[in-house]
Amino acid sequence: MNTEAHHLLGAYLLGGLDAGDLQAFEAHLQECGQCRSELSVLEKVPVLLDALPVPDAVALTVAPGGAKDRVPAADPAPLLRKLARRRRTLRRRWAALAGAAAAACLALGLAAGPLLARPPQPDATYSVQAADGLQFSIDLARKTWGTELAVNGSSLPQDGTLSLWVRDRAGGEDRACAWTATPSGRVKITGATPVQLGSISSVELRDGTQRAVAVVSVP
């Protein structure tokens, strides 16, 4: 074993070698099994030093007998302080990066959360209730292609085909949707019409005979 090269193991482990010594020591590692073995045992030392204050780390180089028994090596304090500063700098950079990422995620969550939690709101809502118990409500939403109609009804006719008709202000009409009546008399369905919301004068619910069973007037 090359004793001189072996003395570089500690500095190599802590990242304190310059480029020349680093290259020489890594070449030595290729040939020295003992250094490779010691390196594998000591590889966790830098992690432990991260949690150790510099004065305490320096004290580890002094034997219990006092200064006269100090390990014959260069004063380790400057190196340890340099490495400590390097570790602190890296930790600050990672902390800043993690903090920025967390803040960005939080801002995104705050901005997107209400949008994800709240369904789109209709532009207009109308409802009617007849004496026989029929209840009928409709949400109208503007679209680039026309108007979307969301229907919610109860106590509706229980047989035949029901349909929803949109009448425009010029007197024309368009069937937005149709469905088979349910035994419960309830329905929740969405229809569509090319008629723009501002042009709708009324919406009619018709039964299978085309009789209007509910009419919603749009101001």
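Details
- Test result for residue 170, open to solvent by 40 Å² or more (accessible area, probe 1.4 Å), of a type outside the set (Val, Ile, Thr), at pLDDT 90 or above and not in a helix (DSSP H, G or I): yes
- Count - residues of segment 116-161 that are closer than 18 Å to residue 200 by Cα, out of contact with any Leu (no Cβ under 8 Å at 6 or more places or on another chain), open to solvent by 70 Å² or more (accessible area, probe 1.4 Å) and free of Cβ contacts under 8 Å to residues at least 24 places away in the same chain: 1
- Search result, residues across segment 132-158 that are part of a strand (DSSP E or B) and polar (S, T, N, Q): 135, 137, 147, 152, 154
- Selection within segment 183-219 - part of a loop (DSSP other than H, G, I, E, B) and open to solvent by 40 Å² or more (accessible area, probe 1.4 Å): 183, 184, 186, 194, 196, 208, 209, 210, 211, 219
The values are calculated or read from the model by the stated rules, or taken from the named source; none is laboratory data. The model shown is predicted, which means the values in this text are computed figures rather than measured ones. Glycine also receives a Cβ, built like all others from the backbone with ideal geometry; neighbour counts cover every protein chain displayed. Heavy atoms of the whole protein, side chains included, go into the accessibility calculation; ligands, DNA and RNA do not. Shrake-Rupley method; radii C 1.70, N 1.55, O 1.52, S 1.80 Å.
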